[in-house]
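The values are calculated or read from the model by the stated rules, or taken from the named source; none is laboratory data. Because the structure is predicted, anything quoted here is derived from the model rather than measured. Cβ placement follows ideal geometry from the backbone for every residue including glycine, while neighbour counts extend to all protein chains displayed. All accessible areas refer to the heavy atoms of the entire protein, side chains included, with ligands and DNA or RNA removed. Shrake-Rupley method; radii C 1.70, N 1.55, O 1.52, S 1.80 Å.
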Amino acid sequence: SPLVAIARLGRAFGLKGEIFADGLEHAEHLEAVFLFRDGAPVGEFAIAGARRHQNRWLLRFAGVEDLTAAETLSGCEVRIPASDRRALEDGEIYYSDLIGALA
């Protein structure tokens with residue numbers, strides 16, 4: 001299944017390695033994601049935690065244990081296999097399917 005972008009990592013938050021996932025709409029179903037920087041793969045990261053904070057998602061990755069480690073991932077694009085996207089409700093569309101469609 002091809003990979004689709006679902007978010008971009010923003011700034012790190014707190015001392016436990018959490019990082020904002022800007023543009024992420026749903027995280028409850030995520031088990032692992034692929035991170036890319038400037039189109040180049042950084043690696044696959046297991047999700048160790050996901051929670052809402054001020055209407056945004058904070059992600060915590062396995063092996064990323066502190067603020068300094070999380071800061072190194074800031075700016076990365078978050079991708080998942082298209083087949084791993086959550087099921088849509090009637091009338092919903094994937095934001096990633098809209099990108100470029102209006103050009």
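When residues in region 31-57 are screened for being touching a Gly at 6+ places or on another chain (Cβ under 7 Å) and either open to solvent by less than 30 Å² (accessible area, probe 1.4 Å) or over 16 Å from G75 (Cα atoms) (or both), 1 of them pass.
For region 61-71, indicate whether the set of residues that are assigned to a strand (DSSP E or B) and of a type in the set (D, E, K, R) is non-empty.
There is no residue in region 61-71 that is assigned to a strand (DSSP E or B) and of a type in the set (D, E, K, R).
Going by what's in this entry, would G75 be described as modelled with pLDDT of 85 or more, open to solvent by 50 Å² or more (accessible area, probe 1.4 Å) and assigned to a loop (DSSP other than H, G, I, E, B)?
On the way: modelled with pLDDT of 85 or more: yes; open to solvent by 50 Å² or more (accessible area, probe 1.4 Å): no; assigned to a loop (DSSP other than H, G, I, E, B): yes.
Against the criterion (modelled with pLDDT of 85 or more, open to solvent by 50 Å² or more (accessible area, probe 1.4 Å) and assigned to a loop (DSSP other than H, G, I, E, B)), G75 does not qualify.
Does region 1-21 hold any residues that are open to solvent by 60 Å² or more (accessible area, probe 1.4 Å) and assigned to a strand (DSSP E or B), and which are they? Before the answer, list the steps.
Let us first name the residues in region 1-21 that are open to solvent by 60 Å² or more (accessible area, probe 1.4 Å), namely 1-3, 8, 11, 15-16.
Within region 1-21, L3, R8, R11 meet the criteria.
Among the candidates A50, A69, A46, A27, the residue that is touching a residue at least 40 places away in the same chain (Cβ under 8 Å), among the small types (G, A, S) and at negative phi is uniquely A69. Just one of the numbered conditions (1) closer than 21 Å to E89 by Cα; (2) open to solvent by less than 90 Å² (accessible area, probe 1.4 Å) is not true of E28: (2).
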